[in-house]
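**Q** So that we are looking at the same thing, I have put the structure below in structure tokens.
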Amino acid sequence: MRLSHYLFFTSKQVPAEAELISHQLMLRAGLIKQVASGLYSFLPLGYRILDKVVSIVREEMDKAGAQQLLLPFVQPADLWKKSGRWDEYGEELLRFQDRKGSWFVLSPTHEELITDLAAEILTSYKKLPVTVYQIQIKFRDEIRPRGGVIRAREFLMKDAYSFCEDEEQMKDIYERMRSAYERVFSRCGLDCKVVEAESGPIGGDISHEFIALSPAGEDKVVECNSCGYSAKLERATSIPSQQVDKEDEKQLEEIETPGVKSIESLSSFLALPMRKLLKTIIYQTEKGYVGVVLRGDYDINEEKLKKLLKAKEIHLASEEEVREELGMEVGFVGPVEANNKLLFVVDETVMQGKNFVAGANKKDTHFVNVNPGRDFSPYLVGDIRFVSEGDKCPLCGSLLQVKRGLEVGHLFNLGYRYSSKLGASFLDKMGNKRPILMGCYGIGVSRIPAAIVEQNHDDEGIIWPMEVAPFKAVIIPTSNETFNFSQQLYLKLRDVSEEILWDDRDISAGVKFKDSDLIGIPLKIIVGNTFLKEGKIEIKKRKDGQLIKVSKEKIVGKLMELMQYG
Ligand code: ATP
Ligand code: MG
């Protein structure tokens, strides 16, 4: 491809709206262009990258035995009402009416449609198991689009769905998908962690996420470098930093703490570490109010709390509710002498400590030397906290690390959630009607290029891994004297590969080098002084700056080798 004829541009300016490095570089390299908030065009260079990611995903899905199909982007609302998600999905689901007044949605995901299809076709065990997939646009009206294509409103996803007779088939497909994902991400040059995850609004019990580690990510992953334990922060467990207090239980005392309401101000007021203070937070649940007691140095994990309580809905009680319905003093709430008002759910780390400070349910007053068991009785004890820096691995006891990352893929065992609601059942060998066991498997295809940039860049720009680079090499003539030869070389190479650009623009060599580095082309084929003096062409690697000199005769072979193996 001749660069002078290519729809492309680069920019030195760091775009003001772009916070993340991948967003900045993708805009500056002219790979994407914003149309409106969360809506992006992929320009030719960017599209070539996306298309390569698509090919990798397709190849690995096909190898894993999944069959590609294409479902419509616009879906009738009826199916969403049937599955219950018309009400549950919230504002991310964009709904609209057609000219006849019927309701439709722009697909944020396709469980409903595919289950409806399965209900019609997969009626016998003889047809199971089956896995299908599509690579298609999704729309989610994200409240905070972020990082360009990282969290867009319209984006490209690979979504696969499996239909099985039983858990054994399911397990086999789940594992096959998991290995396919490992290959996809490694071919894309991504450093990924597989972690246990919560399944969120899609539902189901077993779920894993693939997280590309990057400080730009919104997801947090807990990791043990010694034994390999890793999990999403929401789900991770730990051995607390300071486990058991060895001191004796002291006598309970009331102290005055005028105006000291927050846990931070209490810690400085009493000159005590946060872990010696108790936080009491009041939640409202369908079972009534509960008081949640945690050490001051931990944060409450509401998902764990919900599970422990076996509650469907929980939310923080308002100050008014605490004051008026429970008669407790906001800012000074505590579990001592309050068992008559509330049930207390207590984090396990509290039970291992002694002589805490806690609110005394009176204005400007706290208790010191509060001892769990002696001074208050828990209704439930469990792990209801987020892992925090300094905690230890639940499996091997080594120090845990909390890292950030971007979710690039997700595997779910959906169970019977959709098949039971949408009537997808089959006749088993015995002639009994049973619901189909389903799984679903997503990859954020258009998020991947940005995740790759997050992990592969330097001060000059992007460093594309060979397999996903928009072009693998660019021929750069550095002066008029070498232009003609560079053209001959281009014409010769064009016959053997479509992966080579020719920078025939009438601009300085310096700008050509800079643009090539910004865009991230893996190999520069430099036809310059060395060619004039020694008759040799230079190949420079973007990744490590390595320079290789090759003769005219050997250039094709050497280039083919480098383009294949890097
Ligand atoms: P998140 O927690 O980031 O919102 P999700 O759990 O909603 O993700 P899934 O429904 O599992 O995402 O979608 C499958 C994949 O699609 C995700 O792993 C992610 O890579 C990608 N994805 C999800 N939302 C977006 C978005 N708004 N823009 C780009 N990619 C997305
Ligand atoms: Mg989401």
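The values are calculated or read from the model by the stated rules, or taken from the named source; none is laboratory data. Quick caveat: nothing in here was measured; it's all calculated off a predicted structure. Glycine also receives a Cβ, built like all others from the backbone with ideal geometry; neighbour counts cover every protein chain displayed. Note: areas computed on protein heavy atoms with side chains; ligands, DNA, RNA excluded. Shrake-Rupley method; radii C 1.70, N 1.55, O 1.52, S 1.80 Å.
**Q** Taking only the stretch 85-133 into account, find how many residues are more than 32 Å from the chain's Cα centre (by Cα), touching a residue at least 12 places away in the same chain (Cβ under 8 Å) and under 30 Å from residue 38 (Cα atoms).
**A** 1
**Q** Can I ask one more? When residues of the stretch 123-147 are filtered for being within 16 Å of ligand 2 (Cβ to nearest atom) and crowded, with 18+ Cβ neighbours inside 10 Å, how many remain? Show your work before the answer.
**A** Step one: list which residues in the stretch 123-147 are within 16 Å of ligand 2 (Cβ to nearest atom), which gives 137-147.
Cutting the leftovers down to crowded, with 18+ Cβ neighbours inside 10 Å gives us 138-140, 145, 147.
Total satisfying the criteria: 5.
**Q** May I ask you to list the residues in the stretch 114-147 that are closer than 15 Å to residue 422 by Cβ and more than 15 Å from ligand 1 (Cβ to nearest atom)?
**A** Let us first name the residues in the stretch 114-147 that are closer than 15 Å to residue 422 by Cβ, namely 114-123.
Result: 115, 116, 117, 118, 119, 120, 121, 122, 123.
**Q** From the list 377, 419, exactly one residue is small (Gly, Ala, Ser), exposed (fewer than 15 other Cβ atoms within 10 Å of the Cβ) and either assigned by TED's automatic domain parsing to the domain that holds residue 287 or at pLDDT 95 or above (or both). Which is it? Walk me through how you get there before you give the answer.
**A** Details: 419 fails: exposed (fewer than 15 other Cβ atoms within 10 Å of the Cβ).
Going through 377, 419 in turn, just one is small (Gly, Ala, Ser), exposed (fewer than 15 other Cβ atoms within 10 Å of the Cβ) and either assigned by TED's automatic domain parsing to the domain that holds residue 287 or at pLDDT 95 or above (or both): 377.
**Q** If you check 426, 412, which single one turns out to be part of a strand (DSSP E or B) and away from ligand 2 (no atom under 16 Å from the Cβ)?
**A** Values: 412 fails: away from ligand 2 (no atom under 16 Å from the Cβ).
Among 426, 412, only 426 is part of a strand (DSSP E or B) and away from ligand 2 (no atom under 16 Å from the Cβ).
**Q** Tell me, which helices (runs of 4 or more DSSP H) lie completely within the stretch 73-163 with 2 or more residues that are among the basic types (Lys, Arg)?
**A** On the way: elements: 77-83, 85-88, 111-121.
Fully inside the stretch 73-163 and qualifying: 77-83.
**Q** As an exercise: evaluate residue 397 against (1) within 30 Å of residue 155 (Cα to Cα); (2) more than 13 Å from ligand 1 (Cβ to nearest atom); (3) not in a strand (DSSP E or B) and give the number of the one condition it does not meet.
**A** The one condition residue 397 does not meet is (1).
**Q** Another question, if that's okay. Within the stretch 102-110, is even one residue within 12 Å of ligand 1 (Cβ to nearest atom), closer than 20 Å to residue 163 by Cα and in contact with a helix residue (DSSP H, G or I) (Cβ under 8 Å, 6 or more places away or on another chain)? Even if it seems obvious, please write down each step before you answer.
**A** Of all residues in the stretch 102-110, those within 12 Å of ligand 1 (Cβ to nearest atom) come to 107-110.
Going one step further and asking which of them are closer than 20 Å to residue 163 by Cα, we end up with 109-110.
Now narrow it down to the ones that are in contact with a helix residue (DSSP H, G or I) (Cβ under 8 Å, 6 or more places away or on another chain): 109.
Yes; the residues of the stretch 102-110 include at least one that is within 12 Å of ligand 1 (Cβ to nearest atom), closer than 20 Å to residue 163 by Cα and in contact with a helix residue (DSSP H, G or I) (Cβ under 8 Å, 6 or more places away or on another chain).
**Q** Where in the stretch 171-227 are there strands (runs of 3 or more DSSP E), lying wholly inside it, with at least 3 residues that are modelled with pLDDT of 95 or more? Break it down stepwise before answering.
**A** Details: elements: 192-196, 206-213, 219-224.
Passing ranges, in order: 206-213.
**Q** Could you tell me which residue of the stretch 148-168 is nearest to ligand 1 (Cβ to nearest atom), considering only residues that are open to solvent by 40 Å² or more (accessible area, probe 1.4 Å) and more than 22 Å from residue 41 (Cβ to Cβ)? Lay out the reasoning, then the answer.
**A** Restricting attention to the stretch 148-168, the residues satisfying the condition of being open to solvent by 40 Å² or more (accessible area, probe 1.4 Å) are 151, 153-154, 166-168.
If we keep only those that are more than 22 Å from residue 41 (Cβ to Cβ) too, we end up with 166-168.
Working: 166: 25, 167: 22, 168: 25 Å.
Only one residue tops the list, namely 167.
**Q** Before we move on, is residue 450 touching a residue at least 12 places away in the same chain (Cβ under 8 Å), open to solvent by less than 40 Å² (accessible area, probe 1.4 Å) and within 26 Å of residue 410 (Cα to Cα)? First the steps, then the outcome.
**A** On the way: touching a residue at least 12 places away in the same chain (Cβ under 8 Å): yes; open to solvent by less than 40 Å² (accessible area, probe 1.4 Å): yes; within 26 Å of residue 410 (Cα to Cα): yes.
Criteria met by residue 450.
**Q** While we're here: Can you tell me which residue within the stretch 335-374, out of those that are among the charged types (D, E, K, R), surrounded by fewer than 23 Cβ atoms within 10 Å (Cβ to Cβ) and not in a helix (DSSP H, G or I), is nearest to the chain's Cα centre (by Cα)?
**A** Here is the first cut: in the stretch 335-374, the residues among the charged types (D, E, K, R) are 337, 341, 347-348, 354, 362-364, 374.
Adding the requirement that they be surrounded by fewer than 23 Cβ atoms within 10 Å (Cβ to Cβ) leaves 337, 341, 348, 354, 362-364, 374.
With the extra rule that they be not in a helix (DSSP H, G or I), the set shrinks to 337, 341, 354, 362-364, 374.
Values: 337: 44, 341: 41, 354: 39, 362: 44, 363: 44, 364: 44, 374: 44 Å.
Restricting to residues being among the charged types (D, E, K, R), surrounded by fewer than 23 Cβ atoms within 10 Å (Cβ to Cβ) and not in a helix (DSSP H, G or I), the top hit is 354.
**Q** Determine whether residue 462 is closer than 30 Å to residue 532 by Cβ, in contact (Cβ under 8 Å) with a residue 60 or more places away in the chain and in contact with a helix residue (DSSP H, G or I) (Cβ under 6 Å, 6 or more places away or on another chain).
**A** Values: closer than 30 Å to residue 532 by Cβ: no; in contact (Cβ under 8 Å) with a residue 60 or more places away in the chain: yes; in contact with a helix residue (DSSP H, G or I) (Cβ under 6 Å, 6 or more places away or on another chain): yes.
No, not satisfied.
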